[in-house]
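Novice: Could you have a look at this structure, given as C-alpha cells, before my questions?
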Amino acid sequence: RHRGQQQLCVSAGSRRWLDWRREVELLSDLAYYGLTTFSGYQTLGEEYVNIVQVDPTERRVPSRARRGLFVLLHAYFPYLVDKVLVCLENQLESGQERRRRRAAPERWWSLESWLRRGTQRAVGQLSEPQRGACAAAVSVLHQGLTLLRRLHAAVFYISGSFYHLSKRAAGIRYLRVAALSRDDGTIRSSYRLLGTLSLLQLLATVCLQFNSFRQKQRARQEWKLYRSLRCTGVFISRPHLTSQLG
C-alpha cells in the first residue's frame, strides 16, 4: 500500500494523489489479501508468528467463500461505508456549502459522483428539521463506528480472538502451529492489561464526546430560539436565553 501511494504521488502529483488515495489503498488491500488469504496462503505477519487461519470448528481451513467474505468485509466494506457517510455529511451541510459542492465538476464514472447524485435526491426530499436530525445521526454513526473498532480491539487484547471485525463476521479464527513458550503467560497478562487500559480510555472518550454532543445540541437550540425571537422583533440576552432553555 505504501509503495502504491508513493508511485501515484510521484507519477501523478500530489493533487491526484489526494483525489485517489483511498482508491489506491482499496486496490492494494484487495490485491494483497486476494493473493494471500483468498488464495489460501499465509500473510507475512501470519507466517512470521506461525499461525494459520481456521474455521469455527478449528479443524479445517476456512472455505473459499468464507475467505472471500472476509476480504470484502475487510477491504471494500469500510471504503464503501466511509464514502456513503461522507456524501451524506456533505449533502446535509448548509445550503451555501451544498451549492458550492454541486457546482464542482463531477466525473460520471466516479463512485463518489454516483453516491452524491443518489444522496442529493434523497436529501432533497427532507425538510429542514429532518436534515438537522439526519446530520446529527450521521455524525453519531461516524463516531460510533470508530468507537466500535476501538472496543473490538480492546476485547481482542483481553480475550485473544478476532482482532478484526471482518474476521469475526466471517468466522475466521487463528490456530498457532508452533509450541507454546514459557513467556506466553507473561505476554498474555501484558495484553490483558493493555486491553483494560484501552477500555478505560474508550470510556473516557465516550464521556467526552457525549458531553460535547450535548453542548452542540444546546447551542443549536439557543440559536434557533434566538432566530425565532429576532424574527418577531424581540431581543433577549444570551444569559436570559440560557435560563429559559435550562
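The values are calculated or read from the model by the stated rules, or taken from the named source; none is laboratory data. Everything numeric here is computed off the predicted structure, so don't read it as measured data. Ideal geometry is used to build each Cβ from the backbone, glycine not excepted, and the neighbour counts take in all protein chains shown.
Novice: What tally of residues in the stretch 13-43 results from selecting those that are in a helix (DSSP H, G or I), loosely packed, with under 12 Cβ neighbours inside 10 Å and touching a residue at least 24 places away in the same chain (Cβ under 8 Å)?
Specialist: The total comes to 0.
Listed here are the residues, each with its yes/no results for (1) β-branched (Val, Ile, Thr); (2) farther than 28 Å from Leu165 by Cα; (3) outside any helix (DSSP H, G or I).
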| position | (1), (2), (3) |
| --- | --- |
| Trp114 | no, no, no |
| Arg117 | no, yes, no |
| Ala122 | no, yes, no |
| Leu126 | no, yes, yes |
| Gln130 | no, yes, no |
| Ala133 | no, yes, no |
| Leu141 | no, no, no |
| Leu148 | no, no, no |
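Novice: Still on this structure, I have one more. Consider the stretch 86-105. How many of its residues are loosely packed, with under 13 Cβ neighbours inside 10 Å and modelled with pLDDT of 50 or more?
Specialist: The number of residues fulfilling the criteria is 1.
Novice: Shifting gears a bit: Quick test of your reading of the structure: Val61 fulfils all but one of (1) outside any loop (DSSP other than H, G, I, E, B); (2) modelled with pLDDT of 90 or more; (3) surrounded by fewer than 16 Cβ atoms within 10 Å (Cβ to Cβ). Name the failing condition by number.
Specialist: Condition (1) is where Val61 drops out.
Novice: Evaluate the following for Tyr163: is it buried (at least 17 other Cβ atoms within 10 Å of the Cβ) and among the hydroxyl-bearing types (Ser, Thr, Tyr)?
Specialist: Against the criterion (buried (at least 17 other Cβ atoms within 10 Å of the Cβ) and among the hydroxyl-bearing types (Ser, Thr, Tyr)), Tyr163 does not qualify.
Novice: Cβ contacts < 8 Å: first residue more than 13 Å from Phe156 (Cα to Cα) and touching a residue at least 12 places away in the same chain (Cβ under 8 Å), restricted to the stretch 184-204; second residue basic (Lys, Arg) and surrounded by 11 or more Cβ atoms within 10 Å (Cβ to Cβ), any location; separation 6+ or different chain. Result?
Specialist: Leu202/Arg150
Novice: Taking the criterion of being assigned to a helix (DSSP H, G or I) and among the acidic types (Asp, Glu), would at least one residue in the stretch 220-227 satisfy it?
Specialist: yes
Novice: Out of the stretch 64-84, which residues are among the aliphatic types (A, V, I, L, M), touching a helix residue (DSSP H, G or I) at 6+ places or on another chain (Cβ under 6 Å) and either under 14 Å from Ser39 (Cα atoms) or assigned to a strand (DSSP E or B) (or both)?
Specialist: Leu69, Val71
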